[in-house]
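Undergrad: Let me give you the structure first, and then I'll get to my questions.
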Amino acid sequence: MTLQPTDEIKKRLQQHLDKHNLPPDLFDELVDQAILVNYQAGTSVFLQGSSAEMLLLLVKGIAKVYCPVEGERILARLAGPGDILGQVNFLNGNGHRQLFEVHAATKCEVAVVGRESALRVLHKLDKTDLLRLLDAFNIIWSENLFWFVTLLGVSFRERLEIVLTDLISRFGVKEKRGILIVPELSQLDLAEMIGSSRPMISRLVKDMTESGELIRHDKQHIVSDKVEWLTKNALQGIFETHRNGNGRSPAPAVRRNGFVAPPNAA
């Protein structure tokens, strides 16, 4: 491990800053203190219950985020370049501890910064930047909460559509047969990501394959770019404002499973 402030770290971190209108030099000091750590494919980045006194940013590679439950683990999400790792933790007598665990699916580069270093940088921010940062964190947590609650409220078929759409948006590569999802995913991986049984995911994948929506190539998946559900997004179209004849905007209607329901139906 060597102290190595890199343009790559800044580029990945900037992806988050740009989304929330935060100044590009906000974390320059933090980046300068980052340590780049390499993880080989199949190795653990951290385990549940391990120390969470470090902030981690995935710079290169793909990692699997697991939630251990009763001796087993559930694949909650695939993390890619620019994703923050280990931000979900709890505090006990031994300090901050990890709630989830992360394993490198491919060779990964992770930028590591101590929590105390991060706090020192935050203390130097002016009120405006600090409020923007708090607002950004609130949006990130809100989107994550909405993501998982949305999955709970739809069918297994719709869950798979949402998960595949998300994977395409972050790991998709256009090719002649459709859009290739680069990470290799087994049926068990997909089953865990939508909270279904192995027989259920097998049936769903078979149905999608037979309808031409999905092509399986070893452990990789190609989604046809002609499928209608590919244009849907779990975070878009939730609230739609419609103007009445007087030009006034009534309360937003709530979109449910592709249909717009009146506000009192929410």
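Undergrad: Looking at the range 194-231 only, could you name the residues that are surrounded by fewer than 11 Cβ atoms within 10 Å (Cβ to Cβ) and among the charged types (D, E, K, R)?
TA: Result: GLU210, ASP218, LYS226, GLU228.
Yes/no matrix, rows are residues, columns are (1) at pLDDT 85 or above; (2) within 21 Å of the chain's Cα centre (by Cα); (3) buried (at least 20 other Cβ atoms within 10 Å of the Cβ); (4) outside any strand (DSSP E or B):
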| position | (1), (2), (3), (4) |
| --- | --- |
| ARG12 | no, yes, yes, yes |
| GLN48 | yes, yes, no, yes |
| VAL59 | yes, yes, yes, no |
| LYS64 | yes, yes, yes, no |
| ARG73 | no, yes, no, no |
| HIS103 | yes, yes, no, no |
| THR106 | yes, yes, no, yes |
| VAL113 | yes, yes, yes, no |
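Undergrad: If you don't mind, another one. Counting just the residues of the range 59-105 that are touching a strand residue (DSSP E or B) at 6+ places or on another chain (Cβ under 8 Å) and of a type in the set (Val, Ile, Thr), which one comes out farthest from ILE140 (Cα to Cα)?
TA: Across the range 59-105, the extreme among qualifying residues is ILE74.
Undergrad: When you look at VAL69, is it β-branched (Val, Ile, Thr), in contact (Cβ under 8 Å) with a residue 24 or more places away in the chain and either out of contact with any helix residue (DSSP H, G or I) (no Cβ under 9 Å at 6 or more places or on another chain) or surrounded by 21 or more Cβ atoms within 10 Å (Cβ to Cβ) (or both), yes or no?
TA: In short, no.
Undergrad: Separate question: Report every pair of residues separated by at least 6 positions or lying on different chains whose Cβ atoms are under 6 Å apart, first residue within the range 178-203 and under 13 Å from LEU164 (Cα atoms) and not assigned by TED's automatic domain parsing to the domain that holds GLU161, second assigned to a loop (DSSP other than H, G, I, E, B) and of a type in the set (S, T, N, Q).
TA: Here the result reads none, with nothing in the range 178-203 linked to a residue that is assigned to a loop (DSSP other than H, G, I, E, B) and of a type in the set (S, T, N, Q).
Let's see how each residue does on (1) of a type in the set (Ser, Thr, Tyr); (2) under 19 Å from THR231 (Cβ atoms):
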site	(1), (2)
LEU91	no, no
ARG97	no, no
HIS103	no, no
LEU125	no, no
ASP135	no, no
SER169	yes, yes
ILE179	no, yes
PRO183	no, no
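Undergrad: Among LEU160, LEU130, LEU91, which is part of a helix (DSSP H, G or I), of a type outside the set (Asp, Glu), loosely packed, with under 15 Cβ neighbours inside 10 Å and free of Cβ contacts under 8 Å to residues at least 60 places away in the same chain?
TA: Answer to the selection: LEU130.
Undergrad: Under 6 Å between Cβ atoms, at least 6 apart or on separate chains: pull out the pairs that start in the range 205-234 with a residue that is among the basic types (Lys, Arg) and end on any residue that is at pLDDT 85 or above and surrounded by 13 or more Cβ atoms within 10 Å (Cβ to Cβ).
TA: LYS219/GLU184
Undergrad: Please give the number of the condition GLU143 fails out of (1) within 19 Å of the chain's Cα centre (by Cα); (2) assigned to a strand (DSSP E or B).
TA: Going through (1) within 19 Å of the chain's Cα centre (by Cα); (2) assigned to a strand (DSSP E or B) one by one, GLU143 breaks only (2).
The values are calculated or read from the model by the stated rules, or taken from the named source; none is laboratory data. Everything numeric here is computed off the predicted structure, so don't read it as measured data. Every residue, glycine among them, receives a Cβ derived from its backbone with ideal geometry; neighbour counts consider all protein chains shown.
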